[in-house]
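The values are calculated or read from the model by the stated rules, or taken from the named source; none is laboratory data. Since the model is a prediction, treat every value here as computed from it, not as a measurement. FYI the Cβ positions are ideal-geometry reconstructions off the backbone, even for glycines, and counts take in every protein chain you see.
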Ligand SMILES: [Zn+2]
């Protein structure tokens, strides 16, 4: 295996590593996105339940007032029945006053009941709105989670494929060059090997010494950039333009 081929294999390996890194990054985003989707459903559920509780409180209050009002009305009826049996005007006046007071109280309780019924209708509307929002969110979440599951499966398949290709590419590179590559990759944010175009290192965008440019043209030794320490090669020397004619 010529050094040209090794460098090409190294370049391919690096592309595979970068692709795999990208896929891994996306894979890591999946649980985050899933948590967001689930949180949105939980929030919609909470909003729905809050409205439902308000409606239930209203209904409970109405039932209490209704029961009380029924008792009070029965009491007034009984008192009214008793008026005819009363012998003294003083007692009559006293009971009449009690009846008046009770009637007024019942009237205001009846008003309160009406107000509660009105707000119950509003609350029911709010419950319906939240219920619709919840079921919409749940359906959307189902779709979104299915898409994520599909993505996750695709990522696994893609990583497996990249892993296979990496093994093939790694076979073409000798172990010492491979370990040099791995070491530089760790220190240089994933880019360990890069082209020199003209006199410029594509890794750090600085010019290399002219002497090194000449060495690179021969493509028979592993060279590193004096500035960024990445493995460098001349694009023209490693990938010569296809001969024409
Ligand atoms: Zn450089």
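Data table
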{"read-out": "Residue that is over 30 Å from the mean Cα position of the chain (by Cα), loosely packed, with under 15 Cβ neighbours inside 10 Å and within 30 Å of residue 39 (Cα to Cα), where the choices are 121, 93", "value": "121"}
{"read-out": "Matching residues in the range 195-222 - criterion: being closer than 15 Å to residue 5 by Cα and either touching a strand residue (DSSP E or B) at 6+ places or on another chain (Cβ under 6 Å) or more than 13 Å from the ligand (Cβ to nearest atom) (or both)", "value": "216, 217, 218, 219, 220, 221, 222"}
{"read-out": "Residue 163 vs. criteria surrounded by fewer than 15 Cβ atoms within 10 Å (Cβ to Cβ), under 32 Å from the mean Cα position of the chain (by Cα) and either without any contact (Cβ under 8 Å) to a residue 12 or more places away in the chain or not in a helix (DSSP H, G or I) (or both)", "value": "no"}
{"read-out": "Within the range 181-191, tally of residues that are within 11 Å of the ligand (Cβ to nearest atom) and either touching a strand residue (DSSP E or B) at 6+ places or on another chain (Cβ under 7 Å) or at positive phi (or both)", "value": "1"}
{"read-out": "In the range 167-200, residue surrounded by the fewest Cβ atoms within 10 Å (Cβ to Cβ) [restricted to those that are free of Cβ contacts under 8 Å to residues at least 12 places away in the same chain and not in a helix (DSSP H, G or I)]", "value": "189"}
{"read-out": "Given (1) closer than 30 Å to residue 152 by Cα; (2) modelled with pLDDT under 95, index of the condition residue 45 fails", "value": "(2)"}
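Matching residues to (1) more than 18 Å from residue 11 (Cβ to Cβ); (2) at pLDDT below 95; (3) touching a helix residue (DSSP H, G or I) at 6+ places or on another chain (Cβ under 8 Å):
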position: 169; (1), (2), (3): no, yes, yes
position: 190; (1), (2), (3): no, yes, yes
position: 197; (1), (2), (3): no, yes, yes
position: 201; (1), (2), (3): no, no, no
position: 207; (1), (2), (3): yes, no, no
position: 213; (1), (2), (3): yes, yes, no
